[in-house]
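Q: Before I ask anything, let me first share the structure, which is written out below as structure tokens.
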Amino acid sequence: MSETVAFLSSPVGLLRLRGTDAGLAAVEFLNDDVHAQTPPHQVPESLQEAYRQLRAYFGRELRDFTLTYDVQQGTEFQRRVWTALTDVGFGRTASYLDLARQLGNPAAVRAVGAANGQNPLAIVWPCHRIIGASGQLTGYAGGLPRKKWLLEFEQPSVQASLF
């Protein structure tokens, strides 16, 4: 299966979507402007639904992603963490400890944090909704300003501002 790529401009910067005919493999933040958004009519068929759903998310028309995935990386534990992320609903947060407890291992807080940092599907598997036990924003592969923006964006009464 060959990999396909598309780029999507978003309020948190340019996103690179990677996938195969089997499903979405990655949503990555790009910190450069080397690429431009892929026009909708040029998005590879294998990424059209992910592209559409991400646009709908940023347009406040979608809260839950329903996509087919083709994520090849990750240990069994990481995959369990990534699956658990989808249980944290739109506009809600959970702590790393909450996730560790949900996985049946409260001592695995650091491992949960490390797995979060390796999440290949930013935004779609909502690791931005995971915060420190005291409510502070900690760690985010896309950077804390993006995490803050995404959390504010998911609050209906708050106008999100990046940086």
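Q: Can you work out ³J(HN,Hα) from phi for every residue in the stretch 66-75, in order, using Karplus 6.51 cos²θ - 1.76 cosθ + 1.60 and θ = phi - 60°, giving whole Hz and x for Gly and Pro?
A: Once θ is set to phi - 60°, the couplings for the stretch 66-75 become 10, 10, 9, 10, 9, 8, 9, 8, x, 6 Hz.
Q: Glu45 to Arg16: extension gain in nm, 0.36 nm per residue of separation minus the Cα-Cα distance?
A: The span from Glu45 to Arg16 would gain 8.9 nm if fully extended.
Q: Gain in length, Glu152 to Arg60, computed as 0.36 nm per residue apart minus the alpha-carbon separation, to one decimal in nm?
A: That pair, Glu152 and Arg60, stretches by 31.9 nm at full extension.
Q: Also, I was wondering about something else. Please list, in order along the stretch 77-83, the HN-Hα scalar couplings obtained from phi with the Karplus expression 6.51 cos²θ - 1.76 cosθ + 1.60 (θ = phi - 60°), rounded to whole Hz, x for Gly and Pro.
A: 5, 4, 5, 5, 4, 4, 5
Q: Can you compute the label reach from Leu144? Point 7 Å from Cα along the Cβ direction, backbone N cut-off under 17 Å, restricted to the stretch 91-124.
A: So the set is 96, 117.
Q: Non-local amide H neighbours of Ser10 (under 5 Å, H modeled in plane, Pro and chain starts lacking H): which ones?
A: The list, which skips near neighbours in sequence, is Leu15.
Q: How long, wide and thick is the chain, going by the Cα atoms along their three principal axes, in whole angstroms, largest first?
A: Principal-axis extents of the Cα atoms in the chain, largest first: 46, 38, 27 Å.
Q: Computed from the mean reciprocal separation of all distinct C-alpha pairs, what Kirkwood hydrodynamic radius does the stretch 52-96 have, in Å? Intermediate values should be presented prior to the final figure.
A: Values: mean 1/r = 0.0811 Å⁻¹.
The answer is 12.3 Å.
Q: If you place +1 on the Cβ of every Lys and Arg, -1 on the Cβ of every Asp and Glu, and leave all else neutral, what size is the dipole of the stretch 3-59 about its Cα centre, to the nearest 20 Debye?
A: My answer is approximately 180 debye.
Read the figures in this text as sums done on the coordinates, not as results from a lab. Everything numeric in this text was worked out from a predicted model, so none of it was measured. Neighbour counts run over all protein chains shown; Cβ positions are idealised from the backbone, glycine included.
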